[in-house]
Every structure is written in C-alpha cells, then in structure tokens.
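The following block contains the structure, expressed as structure tokens.
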Amino acid sequence: MQHQILATAHKQGAGFPSFHFSLFSRLLWHNVVRFLFYTEVMPLFDASPLSLIVFDLDGTLIDSRRDLAQSVNAMLKQYGRHELPEPVIATYIGDGAGMLVRRALGDPSGDATDEAFVEEALNYFLDYYRIHKLDYTTVYDGVFPALETIRTAYPALPMAVLTNKPVKPSRDICAHFGLDRFFFQNYGGNSFHTKKPDPHGLETLIREASQASSGFTTEPITPQQTVMVGDSEVDILTARNTGAWSIGCTFGLSPHTLEAAPPDALAHTPLEWLTVLGLS
C-alpha cells in the first residue's frame, strides 16, 4: 500500500522533490522515506539461534557527533580553512578518522605533498580529539537497559564492538562510560590491515567468540548466528560481506546512508534492538 501511495504521488508529480535540493532537504526527505517504509519494528529472528552480537560505536552506542565535529573544525581552523556545520561533518563519519579528515578538507588528492598534508592534518585532529573526546559525548538513552536485558536473558552470549574509530579512543570511551563490561572485545579501525566494510574484523570476532563462548555454545559460531548493529551503510555492508544479519539504527549519525544499503531490520531506538532480537 505504501509503495502504491508513492507511485501515485510520483505519477501526479506531487510527492517527489527536485534532485537539486539542499542538505537539509535531503535529510528531511530521508526521514519521510523512513517514516513511510520503516515505522514498524519487526523481530528479525528468535534469539535462540543468536550466538554473537557486534556493535558499531559512534552513532550506535554513543552520540559523539559534537566532539567529532569540534575536533574537525579545530583542525580546519589550524590550517586556515573555513569551519563546517556540525550536520555536514556528521555525514562524513563512519569510514574512520582518515576519511573523516580527508572529506572535511575537500578530499585532496594528487601528489605526495597533498598526502603529506592530509597526514599532518589527521595527526592534529587525532591529538585534539584525544583530549576532547569526552567533552560532550554521551551514551544514547536506552543503550544500558538494552544491553542489560540482553545480558540477563543470555548471560554467556558474547558481545563485541567493531568500529572504524581508532582502537584506543574507542576502548577509552567504553571504559569511561562502563560499556566495556558488556563486551569481550573492542576492535577499532587500526586494529587490522583493513577497515569495515571489509569482513576481516567481523570474521575475526566470530572466530574469537567461538573460542571464548564454550559456556554458551559447543559448536563454532557461524555468520548466520551473528548480527551486526550499526547506524551506517558501512556496518550493513560489513554484515553482508560476512554473511551475517544486520540491524540499522535510525537514531544514529549516518542513518541517511541506510537507504543505499538497507539492513535486515531497523531500530529507531536502542530499546528496539530487543524487539528485533525477539527479547521483548
């Protein structure tokens, strides 16, 4: 029915905006599409075959948007560039610190001088963010109750963090908020030779969880028993590339990218993870 409504509006020219619209208009249109197609949160599967849950960090467990944006703008100011609006910087997050800085600089590429500049700017950003990473960052409402419910229902179920953020600030932030007690492992964008959406990180966690979860399952954990939870297409593609399930978080930093890579299920709040996982 919803598809029919959109199809009718398109024929009448009454529902689809011009392709030449602003960032604000694009984000608004993405919200309309999400409302029309993804308002009902449905269970993904019974939790009984679930053997591993892996979470993204920024935009999934924590709202780090302001600290990341201010660190990017501090870097831009340092090098005489114009600062960027926070909503714009938020669209650059998800592929690691290097890509965040590169995008903020306008994606310079070319000779070795350009690459040296990007590397210098990245180091400045990382140094600044290391100091200011907890100025405004918070854990999303509902994250702790959701994780507690999962842990209570399945005390031995392994859970982990897989982020493209550098591993040290990722672990420091989780330890600061007390999130680390839920996770047997926390890997970052510099933990391996590749980043998400390459499957290597998630595949490594599946192997490690199989070795560490003898109290939960006697068989090796498979991708089909694994779910990746994240707010961007990077997380969804990571799950796809591994053969795992995926839950997209529409409350995060990059939900607009989920349209390009639809997840197996959507959650509009952290507590809705429980519905998707069949725990509520």
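The values are calculated or read from the model by the stated rules, or taken from the named source; none is laboratory data. Nothing here was measured: the structure is a model prediction, and the numbers come from that model. Note: ideal-geometry Cβ built from the backbone for every residue, glycine included; neighbour counts use all protein chains shown.
Suppose we filter LYS165, LYS133 for residues that are within 18 Å of MET228 (Cα to Cα), among the charged types (D, E, K, R) and touching a residue at least 12 places away in the same chain (Cβ under 8 Å); which single one remains?
Working: LYS133 fails: within 18 Å of MET228 (Cα to Cα).
Within the list LYS165, LYS133, the selection yields LYS165.
To keep it simple, each residue is scored yes or no on (1) modelled with pLDDT of 95 or more; (2) over 17 Å from the mean Cα position of the chain (by Cα); (3) buried (at least 18 other Cβ atoms within 10 Å of the Cβ).
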| position | (1), (2), (3) |
| --- | --- |
| ALA69 | yes, no, yes |
| TYR92 | no, no, yes |
| ASP95 | no, no, yes |
| ALA112 | no, yes, no |
| LEU134 | yes, yes, no |
| ILE150 | yes, yes, yes |
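Also, quick follow-up: I want to confirm something. Restricting to the range 166-183 and keeping residues that are buried (at least 16 other Cβ atoms within 10 Å of the Cβ) and outside any helix (DSSP H, G or I), which single residue is modelled with the lowest pLDDT?
Among residues in the range 166-183 that are buried (at least 16 other Cβ atoms within 10 Å of the Cβ) and outside any helix (DSSP H, G or I), the one modelled with the lowest pLDDT is PRO166.
Based on what the data block shows, is ASP107 exposed (fewer than 14 other Cβ atoms within 10 Å of the Cβ), at pLDDT below 95 and not in a helix (DSSP H, G or I)? Outline the logic, then answer.
Details: exposed (fewer than 14 other Cβ atoms within 10 Å of the Cβ): yes; at pLDDT below 95: yes; not in a helix (DSSP H, G or I): yes.
Spelling it out, ASP107 is indeed exposed (fewer than 14 other Cβ atoms within 10 Å of the Cβ), at pLDDT below 95 and not in a helix (DSSP H, G or I).
When you scan the range 194-271 for strands (runs of 3 or more DSSP E) that lie fully inside it, which ones turn up with 3 or more residues that are buried (at least 17 other Cβ atoms within 10 Å of the Cβ) and touching a helix residue (DSSP H, G or I) at 6+ places or on another chain (Cβ under 7 Å)? Before you say what the answer is, go through the steps one by one.
Values: elements: 226-230, 245-249, 265-267.
Ranges flagged: 226-230, 245-249.
Next question. With (1) within 17 Å of the chain's Cα centre (by Cα); (2) in a helix (DSSP H, G or I); (3) under 22 Å from ALA97 (Cα atoms) as the list, and GLY189 as the residue in question, which single condition is left unmet?
Among (1) within 17 Å of the chain's Cα centre (by Cα); (2) in a helix (DSSP H, G or I); (3) under 22 Å from ALA97 (Cα atoms), the lone unmet condition for GLY189 is (2).
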